[in-house]
Amino acid sequence: METHFKGTLPIESDDWQVGVIVGRSGSGKTNIAKQLFPDAYIKGFNYSHKCVLDDFPEGLETSEVTRALCSVGFASPPDWLKSYDCLSQGEKMRVDIARALCLDSPLVVFDEFTSVVDREIAKVSAYAISKAVRRSKKKFIAVTCHYDVVDWLEPDWVFCTDTMEFSRKKEVGRPLNSRFIGAALNCGRCFGSIII
């Protein structure tokens, strides 16, 4: 059976930087992200060099690459000299996100956000990544089945594929996070036209 997403997310305005598409496995997160943001969707990169620093875009200065790595919580110069295959899962995720943030693209949509890392590492990484995005001029959408990182990302909006509801931070009058996600989703708009 082929699945289709019919609908949009009300995020056309420029008044946001961090968004989250969250829901249980199989609820359509990836399909929605790919259909709405095909040019910004990132699932991973090819790595071919012996040093992870050399896999970043060629036009970047070393200081820009190392700043990007530090900004996402990967501040270990000895590990920067390793090949991608020698890194831990958490290090790989942070390198992927740092590399995505170095792309010449205003939007990064990152699937399987924190899916392969320990939950404590996931929270700390989410916090660092949120801060890095907010210091940049980019927009970042985390696609995840893990509600625990919503607190740490402090997103401007959340779309829950379990309920097909959208909520903005300003609709609930406080940061969206997992403690308030139920209230936030109740304030959201339901997308009756979405078919997964």
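Coordinate-derived values only; no laboratory data. Note that the coordinates shown come from a computational prediction; the quantities given were computed from them, not determined experimentally. FYI the Cβ positions are ideal-geometry reconstructions off the backbone, even for glycines, and counts take in every protein chain you see.
Want the number for Val116 to Arg24: 0.36 nm per residue separation, take away the alpha-carbon distance, what's left? If you can, show how the numbers build up before the last one.
On the way: separation 92, 0.36 × 92 = 33.12 nm, distance 1.52 nm.
Going from the current span to full extension adds 31.6 nm.
Which GluC sites (Glu not before Pro) in segment 1-95 sit in a loop by DSSP (not H, G, I, E or B) and have at most 11 other Cβ atoms within 10 Å of their own Cβ?
Numbers: sites: Glu2, Glu12, Glu58, Glu61, Glu64, Glu91; in loops: Glu2, Glu12, Glu58, Glu61.
When the GluC sites (Glu not before Pro) of segment 1-95 are filtered for loop state and at most 11 Cβ neighbours within 10 Å, Glu2, Glu12, Glu58, Glu61 remain.
Run the numbers for Asn31 and Lys137: contour at 0.36 nm per residue of separation, minus the present Cα-Cα distance, in nm.
Values: separation 106, 0.36 × 106 = 38.16 nm, distance 2.61 nm.
In short, 35.5 nm is gained.
Between Leu81 and Asn46, what length comes free when the chain is fully extended (0.36 nm per residue of separation minus the Cα-Cα distance, one decimal in nm)?
10.9 nm
Could you tally up the Lys pairs in segment 17-95 with alpha carbons closer than 13 Å? Skip any pair fewer than 8 positions apart unless they're on separate chains.
Working: Lys29/Lys43; Lys34/Lys43; Lys43/Lys92; Lys50/Lys82; Lys82/Lys92.
The result is 5.
Taking K and R as +1 and D and E as -1, what net charge do the other residues with C-beta under 14 Å from the C-beta of Glu58 add up to? List each step's numbers first, then the result.
Values: positive: Arg99; negative: Asp54, Asp55, Glu61, Glu64, Asp104.
Local net charge: -4.
Once label points are set 7 Å from the Cα along Cα→Cβ at both Thr163 and Leu60, what is their separation, rounded to one decimal in nm?
For the pair Thr163/Leu60, the computed spacing is 3.7 nm.
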